[in-house]
Structures are given as structure tokens and as C-alpha cells.
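Reviewing the structure listed below.
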Amino acid sequence: MAKMWIAGEWQDSASGDTYDVINPATGELVESAPKGTREDARRAIDAAEAALGAMAESTAEQRGQWLDKMIELVQAHKPELARTLTMEQGKPVGEAANEIDHFLHGLHFYAGLASKVRGSYVPLPAKGTYGMVMKQPIGVCGGIVPWNFPITLMGTKVGPAIAAGNTIVVKPASTTPLTTLKICALLSEAGLPKGAINCITGPGGVVGEELVENPKVRRIAFTGESATGRHIGEVCGRMLKRVTLELGGSDPMIVCDDADLDRAASMASVGRYYNNGQACLAVKRLFVFDSVFEAFMDKLAPRVKRLKPADPLKPDTRTGPMHNRTQRDEIQAQVEDALGRGAQAVVGGQRLEGGDFARGNWFAPTLLTSVPDDARIVVEESFGPALPVFRVKDLDEAIEKANHTEYGLGSSIWTRNLSHAYKAADKIQAGNVWINSLHYGYDEMPFGGVKASGIGREHGPEALEYYFETKGVVIAVS
Ligand code: NAP
């Protein structure tokens, strides 16, 4: 049975309660985990607070070295960690290994940045007086993480938190705690103070809520659904607590008539069906210029047909099960709603059952056309392997439709026309625009949303800023 990682030790919940972590491919038990309580969360928060003094003694260079050491420690266990991630999350084991690599690359980025942080010197109008702007750690941080990329999204919080000299309590999604617990314990072996990194498991409404409400936690980094984010934002507002919210998306991709159609079709396929479409920055609405619509679909449809869901533990599997039954039922309902309103399923359109799919949560990779603008799959966030493709007459119509959503996370345009590319970058309401490029969260680039997709940024030096307090110091020299 898994245990929580608190104050540098494996610990059970004080209640003794546990819950089962289920394999999405087979419906079988992977392992049970502690069903944490508010008291457990407070224990972890207290441990993180107690470690602040020792963290304050560390130099920025030392924190960079700890992060480098963490990379070595995790790297040495990568195959078994990838396997555990596949068993609890459902993603193919190759994708699980990629996710761990991306996580390590993120730590590497902040390892390098830790000692490069600068404050400033400010000349002041009063004679003999000058100002200094200091960057200081905030204190205890809470990192609340969803199930779709549990490791990279934990890293986007732990990396900058530690680089800046904070301590952190991580709360993974209830359905994906196992790899996170193992990794948090490995990270803690890098030499940092006991209690600097903690991991608690259990219901979001209990242990997550305690992290958000506890006044000792000075900053919350949340990734998850917009509805949960709204609630967390409200509580943090009331508590005057720093918060960043990385929320849902409905990313548009625009294919113009001068695009490299082969490359665009390939990236649309990866962009929608990677991790079975369960990605915040997945391509969720595809707008193709009328004049190249048929030619583009002739390239995209065969790619989607080639995606064959199979056992995610097999090394050559590219598409696994969906993460849970609720997600599977949700995408099925969205697809059925579209079909019921006159959409056509060019590929797939139904869940997979019987034989190899008798257990677990399976859905056929699906490509839809003739989808009405008010269909659920267009209006809501769709979190599964189904892609609606729309005809548009020109770029203005594509941008107008792209912006017709409450979300604003990622977006892309495929064109060789610089004016088109610039116009899309300028006019699309989103935190990120990719031009002739896959929707991908680079560690070096700020990533985040506008509108209902969130507040604040992760990745890049920009994210590190959110882990510092800025202090103004005025010095008068007599
Ligand atoms: P979720 O239901 O909002 O859960 C996210 C995390 O919040 C989980 O750890 C959950 O714990 C916890 N939580 C739930 N209620 C809470 C509360 N009242 N207080 C504190 N914590 C609480 O989201 P999800 O279904 O796991 O993730 C999918 C969503 O994440 C999608 O909308 C996706 O677009 C979004 N996402 C966004 C980004 C981005 O960077 N913008 C990246 C990835 C995913 P439990 O699991 O125990 O409920």
C-alpha cells in the first residue's frame, strides 16, 4: 500500500482510511493509497513551514545543485516510474517515459535559473538615498495537480518553488497519486531539508481544500478544470493568497489554403490524439479553408484510422484507454450529441467494447465533420479522442470562430503567408499561438490562458517570478 510523503517520511493517514487506485486499461486494482484528511494536510503544511528556516540558509547555487541531483535520482528509476504512470493513468508507456523526460527537462531549466535571479538598484531623488529591490521566497506553496499529465504538471510547480527557496506540499489527483509519491520521495533525497517537498493524497474537497484555506500556505499553483479553478480563485481571493490557475481549453487550429497540408495533418493528429485527447492544449476545434478542405481531410482521416487502441504497457502502443469512466462517458455524450444534430463521423464515433476492450475505458479515435456550432463538443471543453473539423471561407471567419469560446489557452495557424500568421498571433484570444508548429508546452516559454483558461503563467523565467515576493528597500546613507 502506498503512503504519503510528509516531513521526509512515509506516513499513513491519521484516520487509517485508504482508497483504491484503478488501472484504466483493465479496471483492476493497481495499489491502494491513503485517503488523507484535513489533519494529514495540516501535518504536511506544518512540515513545509518548519523546513523554511533551513531553506532560507541555502544559497541559490545550492538549490540549483539540488535540482540537478533530483534529475539524476529520477533518471535512475525512469523505466519503473513510467510503468507505474501507465498503470495508474492509462497512457502508453512510451508517452509515460516522454512525460518523465519533459518533467526532468523542466527541473533542468529551473536548476540553471536558480542562481540567475536578479534584484535591482534604483537611483532615488533624495540625496544620499538609494533603493534596492529584493526577491525573496514566498514561503509554503501548495501545488494542486490534475491526472492528465501528473508528473510534468507537478514539476512545473516543484521546480520553480524550490529554485526560489520555498517549500511545497503537492496534492496529486486522487486517481494518479502513485508515481507522484515515488518521485517526491526521490526528489527529497537530493539533500534538501526534510519537509521541503511533501506529497499528500486524498479527496480534493478535503486535503486540497485545506491547502487552499490554510493561512500558512502563502501561494497556490493549481492546474485543473475551470470550475474547480473558479472556486479555488475565490477562496484565495478571500484569503489574500497568491494563486495561479492553469485551467481548461478549447484550442482552435486554423489550416489556411497555402499551408503544408501533410505537416498540418500530421500535427493535427498528434495534437488531438496524444494522451487520447486528454490534454489542456490539445487541438479541440479544427478550421480548414474551404478550398483545401477535401485535400486536407484526405490526409488527416487515414492518420486517425491508423490509431489502434491497445494495451498501453506494450512498447509499440500509441493509443491507450481513456483515464476514467466519467471521461469516456463524457466524450461519448458529446459525440452522440453532435451526431444527433447532423454531424458525420468520418472515423470512429463510438466506444470500444468486447474482446480486448471488455474491461477499462475505451473510445474509438473519432473525426467529425458537419458539426453545428452549438453542439456540446464545440461549446464545452472536450477531453477525449474526438475532433470536429469545420470549413471556413477565409482567415477572418476562422479567427472569429476560433474566438467564439469562453476558453483561451492555446491556438495554432498553419500558413506560409506572414500576414496571415501575424494576424492570427495578434487577433486570436489565447495565451499561446503556435505558427506552423505543434501545440506543445516548452519549458522555456511562458504558458497559460486568458478568459476561462486561467490566470498566471507556468514555464519559463516568467513562472519563477510567481514564487518570489518583491521587497523594496530604501537605504539612506548619512
Ligand atoms: P479537477 O477535477 O479540477 O482536479 C484537479 C486537481 O484539483 C485534483 O488534484 C483534484 O483532486 C483537486 N481538487 C478538486 N477539488 C478541489 C478543491 N475543492 N480544492 C482543492 N483541490 C481540489 O481537474 P482534472 O479533471 O483532474 O483535470 C482535467 C482538467 O485540467 C481539464 O479541464 C484540463 O484542461 C485542465 N488542465 C489544464 C492545464 C493547463 O495548463 N491549463 C494542464 C492540464 C490540465 P481530486 O482528484 O482528489 O478531486
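FYI, it's all coordinate maths here, none of it is from the lab. What you see is a predicted model, and the numbers here were worked out from it, not measured in a lab. Every residue, glycine among them, receives a Cβ derived from its backbone with ideal geometry; neighbour counts consider all protein chains shown.
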### Summary
Among the range 459-478, those whose backbone N falls under 12 Å of a label point 7 Å along Cα→Cβ from Leu124 are 472-478
### Task
Note the angle between two axes, namely the Cα long axis of helix 226-239 and the longest principal axis of the Cα atoms of the chain, as a number of degrees from 0 to 90, rounded to the nearest 10.
20
### Query
Per residue and in cubic angstrom, what volume does the convex hull of the Cα atoms of the range 1-145 have?
158
### Query
What ranking, highest mean first, results for peptides 120-130, 145-155 when packing means the other Cβ atoms within 10 Å averaged over each residue?
145-155, 120-130
### Summary
Ratio for the range 257-407, C-alpha Rg to 2.2 N^0.38 Å, reads 1.02
#### Entry: Mean separation of Cα contacts under 8 Å (6+ apart) over length of the range 141-263, as relative contact order %
25
### Message
I want to check the label-to-label distance for Arg38 and Asp17. Put each point 7 Å from Cα in the C-beta direction and report it in nm to one decimal.
### Response
1.3
#### Entry: Over the range 1-157, relative contact order from alpha-carbon pairs under 8 Å, at least 6 apart, %
19
#### Entry: Fully extended contour minus Cα-Cα distance, from Arg263 to Lys427, at 0.36 nm per residue
56.7 nm
### Query
What list do you get for Phe103, Phe222, Phe296 if you sort them by fewest beta carbons within 10 Å?
Phe296, Phe103, Phe222
### Query
For the range 418-478, what ratio Rg/Rh do Cα atoms give with a Kirkwood hydrodynamic radius?
1.21
### Query
Given 0.36 nm per residue, what is the gain on full extension from Lys471 to Gln75 after removing their alpha carbon distance, in nm?
138.8 nm
### Task
Quantify how much of the Cα-Cα distance distribution of the range 371-420 extends past 16 Å, in percent.
47
### Query
Roughly how tilted is helix 261-273, in degrees to the nearest 10 and between 0 and 90, from the longest Cα axis of the chain?
60
### Query
To the nearest 500 deg cm²/dmol, what mean residue ellipticity at 222 nm is calculated for the chain from DSSP H runs of n ≥ 4 alone, each contributing -39,500 (n - 2.57), summed and divided by the residues?
-11500 deg cm²/dmol
### Query
Relative to the first principal axis of the alpha-carbon coordinates of the chain, what is the inclination of helix 178-188, with its axis defined by its Cα atoms, in degrees from 0 to 90 and to the nearest 10?
30
### Query
So which GluC sites (Glu not before Pro) in the range 221-290 end up in coil per DSSP with only 16 or fewer other C-beta atoms within 10 Å?
Glu225
### Query
Which whole-number percentage describes the relative contact order of the chain, with Cα contacts under 8 Å and a sequence gap of 6 or more?
18
### Query
Which one of Gly224, Leu192, Gly208 has its Cα pushed farthest toward the positive end of the charge dipole of the range 191-242, where Lys and Arg give +1 and Asp and Glu give -1 at the Cβ?
Leu192
### Task
Please report, in Å, the Rg and the Dmax of the range 205-252, where both are computed over Cα atoms only.
11.0, 40
### Task
Would you list the P(r) distribution for the range 170-233, with all Cα-Cα distances sorted into 5 Å bins from 0 and each bin expressed as a whole %?
3, 15, 24, 24, 20, 10, 3, 1
### Message
Taking C-beta distances below 4.7 angstrom as the pairing criterion, name the unpartnered cysteines of the chain, in sequence order.
### Response
Cys141, Cys236, Cys256, Cys280
### Query
Where both partners of a DSSP beta bridge lie in the chain, what percent of those bridges are antiparallel, to the nearest 5?
45
### Query
So what are the radius of gyration and Dmax for the Cα set of the range 78-199, in Å?
18.1, 66
### Query
What's the center-to-center distance, using Cα atoms, between the range 42-61 and the range 89-156 in Å?
16
## Note on the structure
P(r) over all Cα-Cα pairs of the chain, 10 Å bins from 0 to the longest distance, whole percent per bin, short to long, reads 4, 20, 28, 25, 15, 6, 1, 0, 0
### Query
To the nearest 20 debye, what is the magnitude of the charge dipole of the chain about its Cα centre, counting +1 on the Cβ of each Lys and Arg and -1 on the Cβ of each Asp and Glu?
760
### Message
Which entries of Lys35/Lys314; Lys78/Lys308; Lys3/Lys69; Lys241/Lys423; Lys3/Lys116 have Cα-Cα distances beyond 29 Å here?
### Response
Lys35/Lys314; Lys241/Lys423; Lys3/Lys116
### Descending semi-axes in whole angstrom, ellipsoid equivalent of the range 332-478, from the Cα gyration tensor
39, 22, 14
### Message
Assuming 0.36 nm per residue, please report the length gained on full extension of the stretch Glu225 to Asp311 beyond their Cα-Cα distance.
### Response
28.2 nm
#### Entry: Radius, Kirkwood style, for the range 189-289 when every pair of distinct Cα atoms is counted (Å)
16.8
### Most positive-pole-ward Cα, Ser291, Gly27, Ala56, against dipole of the chain from beta carbon charges
Ala56
### Task
Return the aspartates and glutamates within reach of Lys393: Cα separation strictly under 16 angstrom, same-chain partners fewer than 8 residues apart disregarded; answer none if there are no such residues.
Asp257, Asp258, Asp290, Glu294, Asp373
### Query
Could you give me the ³J(HN,Hα) list for the range 385-390, computed from phi with Karplus coefficients 6.51, -1.76, 1.60 and θ = phi - 60°, whole Hz, x at Gly and Pro?
x, 9, 10, x, 10, 10
#### Entry: Residue (of Pro315, Ile331, Thr366) at the positive-pole extreme of the range 277-374, dipole from beta-carbon charges
Pro315
